[in-house]
Amino acid sequence: MKNLLLVSIAFLCLKSYSQKQSFPANVVFSNGIMATSKNSQNALDNYNIWKTNFVEACSNGRYRIKFDNSSETVSEGIGYGMLLSVYAADKTLFDGLWLYYKDNVNSNGVMNWKINGCSGINGVNGATDAELDAAFALIVADFQWASAGTINYKNDAKALITAIKTYEVEASTFVLKPGDQFGGSQLTNPSYFAPAYYRAFGSFTNDVSFWNSVAAKSYTVINNNLTQNNAVGGLVSDWCQESGAYSSLAGIYNNGGKGYTYDAARTPWRIAVDYVWYGNANAKVYAKKASDFVRVNLGGSSNIKDGYNQDGTLSGQWHNATFVGAFACAAMAGENQAHLDASYTDLNQLSEPNSYFNQTLKTLYMFLLTGNFYLPQNATLGTGDFQIEKSTVTLYPNPSADRFTVSAPEKSMISVISPQGKIISEQKTTSENTEINLANYSSGLYLIKITNDTKSITKKVILQ
């Protein structure tokens, strides 16, 4: 009996630490292209370099990430570290980073952005990109290890997502604030925008309409910024207003936030994720612009430098992973295999092991490029969780002479019903936007029915 009890305890312990996805995952994305020479060993090598050089143990199972000043830690680094460790299936490190994050939160439940070593606040209040990365990493952790252990990843993820919604998205505009205590329509940071995460947040918390609106606003701000400032390719500015114009509140930042420098450089990576995970059309357009800037305007990845004005003129001087890797990720949507292959090789050959920012971002980029930065199954709406009445379902243009675009959650069934009441087509959505072509049908009033399980919404459209 005693032996049976010991075996049972051992089994339960083993079960609590089981994981869904080992590393490497080697996912092949259904959207975009992947480098011919991609190799997860490259991602693992960079992870080990990053972990050796920037991870430091604190007491009581906590870990921190060393910043440029190695005696300091910033919340951004904790968020990056949580992403890397959860995808690397490194549970001990992930848990320690999350506990460190929670040890240093403010009254809104978000981490104070700068800490002295293992303890001691040096910069108060939140930086939104850290919260976004940490919240999404918790979703992946819930997928990886479930939430029945000492840390309830699911509940923690939902609590942090609620804090982001409450304190880091501007009320009524859906503009992402750069922190819980500042910014909004008059000051935002496009490189923080993570529309792929927003879609996952909506699914995970059954709050699709809100988070789809935040995602849509991200593209509105980016496109406003590119148009307002006659930008070349995808060269967004580091900081801007909702209108896309430069902000007078950005005076404390490099060149008033007007250039494509070390903030903006992350934008192509974050937007590329929305394309390879969700096939989002806006993401593809932006990522291809960014990739084509390098391929056409610069003549290839090897010519990338660390800073540009929005008109495409050079402001930087160094060739480093922060810029090269983000553009390499954009090339996954760029439709040019040779350029992506060359970009991957360029990034892989860069060696900056002692640079916090360059090495950290290089590793994150490598995870995406090799199929190890993926959308977990618990971040998509299953049939049983689908709530069509809470989802954003739009249809445009209406009326139309031939084609309609239906914007609805993935894995919905779209049925087209003729004026005579017959179903003339049915298709399952594979991305947010689905085109319906009625060019071969006579004019009249048609019904578009969007269904998932037993729930549905019907829209009327006029074919002219």
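Which log10 I(q)/I(0) values does segment 328-380 give at q = 0.32 Å⁻¹ under the Debye formula, counting every alpha carbon as one identical point scatterer?
Treating every Cα as an identical point scatterer, log10 I(q)/I(0) equals -1.22.
With +1 on the Cβ of every Lys and Arg and -1 on the Cβ of every Asp and Glu, and nothing else charged, how large is the dipole of the chain about its Cα centre, in debye rounded to the nearest 20? Before the final figure, lay out each step's value.
Working: 35 positive and 36 negative charges, 191 e Å.
That gives the chain a dipole magnitude of about 920 debye.
Taking the Cα atoms of segment 212-259 alone, what are Rg (to one decimal) and Dmax (as a whole number) in Å?
Using the Cα atoms of segment 212-259, the pair Rg, Dmax is 10.7, 32 Å.
What is the distance, in nm, between label points placed 7 Å from the Cα along the Cα-to-Cβ direction at THR313 and at SER415?
6.0
For segment 276-380, which semi-axes, largest first and in whole Å, follow from the square roots of 5 times the eigenvalues of its Cα gyration tensor?
Values: eigenvalues 97, 65, 30 Å².
For segment 276-380, the semi-axes come out at 22, 18, 12 Å.
Of VAL110, SER71, THR92, which is farthest towards the positive pole of segment 52-180's charge dipole, taken about the Cα centre with +1 and -1 on the beta-carbons of Lys, Arg and Asp, Glu respectively?
Result: THR92.
In the structure shown, do any of LYS102/LYS258; LYS114/LYS177; LYS102/LYS362; LYS20/LYS158; LYS114/LYS154 have a Cα-Cα gap over 28 Å, and if so which?
Over 28 Å apart, Cα to Cα: LYS102/LYS258.
Can you list the aspartates and glutamates whose alpha carbon sits under 14 Å from that of LYS66, skipping same-chain ones fewer than 8 residues off?
Cα-Cα hits under 14 Å: GLU56, GLU76.
Please give the contour-minus-distance gain from SER71 to SER425: 0.36 nm per residue of separation, less the Cα-Cα distance, rounded to one decimal in nm. Don't jump to the answer; show the numbers that get you there.
Working: separation 354, 0.36 × 354 = 127.44 nm, distance 6.20 nm.
Separation in residues times 0.36 nm, less the Cα-Cα distance, equals 121.2 nm.
Whose amide H sits under 5 Å from the amide H of LYS177, counting only residues 5 or more places off or on another chain, with H placed in the peptide plane?
VAL169, GLU170
For the chain, would you read off the P(r) tail past 36 Å as a percentage of all alpha carbon pairs?
Details: 31462 of 107416 pairs.
More than 36 Å apart: 29 percent of the Cα pairs in the chain.
Based on the Cα gyration tensor of segment 136-276, what are the three equivalent ellipsoid semi-axes, each the root of five times an eigenvalue, rounded to whole Å and given largest first? Intermediate results must be reported in sequence, preceding the final value.
Numbers: eigenvalues 168, 46, 37 Å².
Taking √(5λ) for each eigenvalue gives 29, 15, 14 Å, largest first.
Between SER351 and ASN155, 0.36 nm times their residue separation minus their Cα-Cα distance comes to what?
Details: separation 196, 0.36 × 196 = 70.56 nm, distance 3.88 nm.
Full extension of this stretch gives 66.7 nm more.
Once phi is turned into ³J(HN,Hα) by the Karplus curve 6.51 cos²θ - 1.76 cosθ + 1.60 with θ = phi - 60°, what whole-Hz value does each residue of segment 403-410 show in order, with x for glycine and proline?
Going residue by residue, I get 10, 10, 10, 9, 9, 8, x, 4 Hz, with x marking Gly and Pro.
What are the residues whose amide H is under 5 Å from the amide H of VAL105, where those residues sit 5 or more places off or on another chain and H is modelled from the backbone?
Residues meeting the amide H criterion: ASN112.
Using Cα pairs closer than 8 Å and at least 6 residues apart in sequence, work out the relative contact order for segment 88-154, in percent. Show your work: numbers first, answer last.
Details: 59 pairs, mean separation 13.5, N = 67.
Relative contact order comes out at 20 percent.
Using alpha carbons only, how many angstrom separate the centre of segment 199-264 from the centre of segment 313-377?
Each part's Cα centre sits 21 Å from the other's.
Could you give me the ³J(HN,Hα) list for segment 32-42, computed from phi with Karplus coefficients 6.51, -1.76, 1.60 and θ = phi - 60°, whole Hz, x at Gly and Pro?
x, 10, 10, 4, 4, 9, 4, 8, 4, 5, 4
For Cα pairs less than 8 Å apart in space and 6+ apart in sequence, what is the mean separation divided by the residue count of segment 32-128, i.e. the relative contact order in percent? List each step's numbers first, then the result.
Details: 121 pairs, mean separation 21.2, N = 97.
For segment 32-128, the relative contact order is 22 percent.
Please work out the C-alpha center-to-center distance from segment 153-168 to segment 428-463 and express it in whole Å.
Comparing the Cα centres of segment 153-168 and segment 428-463, I get a distance of 34 Å.
What relative contact order, as a whole-number percentage, does segment 69-123 give when Cα pairs under 8 Å and 6 or more residues apart are counted?
On the way: 54 pairs, mean separation 21.0, N = 55.
Once normalised by length, the contact order is 38 percent.
In µm²/s, what is D for segment 211-353 at 20 °C and 1.002 mPa s, where D = kT/(6 pi eta Rh) by Stokes-Einstein and Rh is the Kirkwood radius from Cα pairs?
Values: Rh = 15.1 Å.
In µm²/s, the coefficient rounds to 142.
To the nearest 20 debye, what charge dipole does segment 229-376 have about its Cα centre, counting +1 at the Cβ of each Lys and Arg and -1 at the Cβ of each Asp and Glu?
Working: 9 positive and 11 negative charges, 16 e Å.
About 80 debye.
Suppose the Debye formula is applied to equal point scatterers at every Cα of segment 51-167; what is log10 I(q)/I(0) at q = 0.10, 0.13, 0.15, 0.18 Å⁻¹?
Debye curve over Cα of segment 51-167, log10 I(q)/I(0) at q = 0.10, 0.13, 0.15, 0.18 Å⁻¹: -0.24, -0.42, -0.57, -0.83.
Using modelled amide H (1.01 Å from N, peptide plane; none on Pro or chain starts), what sits under 5 Å from the amide H of ASN122, excluding residues fewer than 5 places away?
Counting only residues 5 or more places away or on other chains, the set is LYS114, ILE115, ASN116.
With +1 on the Cβ of every Lys and Arg and -1 on the Cβ of every Asp and Glu, and nothing else charged, how large is the dipole of segment 393-445 about its Cα centre, in debye rounded to the nearest 20? Please list the in-between numbers first.
Working: 4 positive and 5 negative charges, 28 e Å.
Dipole size: approximately 140 debye.
Coordinate-derived values only; no laboratory data. Keep in mind that what you see is a predicted model, and the values were worked out from it rather than measured. Here the Cβ is made from the backbone with ideal geometry for all residues, glycine too, and neighbour counts use every protein chain on show.
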